[in-house]
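*Asks:* The structure's right below; bear with me while I get my questions together.
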Amino acid sequence: MRAVTVAPGTGRARLVEIEEPPKLGETQVRVKVLQVGVCRIDRAILRGDIGRPPLSSGSLVIGHEMTGRAIELGRAGEGVRLGDLVAATVRRGCGACQSCEKGQSDLCY
């Protein structure tokens, strides 16, 4: 699949091919992206103001404001059916702040 990636602080984005995860987790949903936006958070990542890539990678996939259609469901998925329109929250929280402890990683300090 294609993704726009950035190495934070480089000021450069690239369109790359990345592998799809081979198997869904029990509560995961595979989504076919229909539209994606690039916001000022993505621009801040590009500048290097915020964001850290995972230790296993030197880059981040940007475009967290997206709409898509559910095309595959994990076994224990609830509340989503095949074909549903969905929007995703994909920010990784720190796991330790008040927001993360409440399960609201999108509001991570």
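*Asks:* With 23 Å as the cut-off, how large is the P(r) tail for region 1-108, expressed as percent of Cα-Cα pairs? Before the final figure, lay out the partial values.
*Replies:* Working: 2057 of 5778 pairs.
When all Cα pairs of region 1-108 are counted, 36 percent exceed 23 Å.
*Asks:* If you don't mind, there's one more thing I want to ask. Place a point 7 Å from the Cα of Met1 along the Cα-to-Cβ direction; which residues of region 33-61 have their backbone N under 17 Å from it?
*Replies:* Those under the cut-off are 33-38, 60-61.
*Asks:* In sequence order, what are the phi-derived ³J(HN,Hα) couplings for region 17-26 according to the Karplus relation 6.51 cos²θ - 1.76 cosθ + 1.60 with θ = phi - 60°, rounded to whole Hz, with x for glycine and proline?
*Replies:* After applying 6.51 cos²θ - 1.76 cosθ + 1.60, I find 8, 10, 6, 6, x, x, 9, 7, x, 4 Hz.
*Asks:* I've got another one for you. Give a residue-ordered list of calculated ³J(HN,Hα) values for region 63-71 (Karplus: 6.51 cos²θ - 1.76 cosθ + 1.60, θ = phi - 60°; whole Hz; x for Gly, Pro).
*Replies:* x, 6, 8, 9, 10, x, 10, 5, 10
*Asks:* Which sequence of Glu72, Glu65 reflects their accessible areas, 1.4 Å probe, from the largest down? Numbers along the way, then the final one.
*Replies:* Values: Glu72 75, Glu65 95 Å².
If we order Glu72, Glu65 from most to least accessible, we get Glu65, Glu72.
*Asks:* Right, next: Rolling a 1.4 angstrom probe over the protein heavy atoms, how many square angstrom per residue are accessible across region 1-46?
*Replies:* Details: 3570 Å² over 46 residues.
Counting only protein heavy atoms, the per-residue value for region 1-46 is 78 Å².
*Asks:* Also: Under 10 Å, Cα contacts only: if you run a Gaussian network model on the chain, which one of Gly95, Gly58, Gly79 comes out with the highest mean-square fluctuation?
*Replies:* Gly79
*Asks:* Determine, from the Cβ-Cβ distance of Ile41 and Arg69 and an R0 of 30 Å, the FRET efficiency 1/(1 + (r/R0)^6), rounded to the nearest 0.05. Show your work: numbers first, answer last.
*Replies:* Numbers: r = 24 Å, r/R0 = 0.80.
Result of the calculation: an efficiency of 0.80.
*Asks:* Return the carbon/sulfur percentage of the accessible area of region 25-82, one whole number, probe 1.4 Å, all protein chains in place. Walk me through the intermediate numbers first.
*Replies:* Working: 2150 of 4270 Å².
Carbon plus sulfur share of accessible area: 50 percent.
The values are calculated or read from the model by the stated rules, or taken from the named source; none is laboratory data. For clarity, every value in this text was computed on a predicted model and none was experimentally measured. Methodologically, a virtual Cβ is constructed for each residue, glycine included, from the backbone with ideal geometry; neighbour enumeration extends over all protein chains shown. With ligands, DNA and RNA removed, areas are computed over all heavy atoms of the protein, side chains included. Shrake-Rupley method; radii C 1.70, N 1.55, O 1.52, S 1.80 Å.
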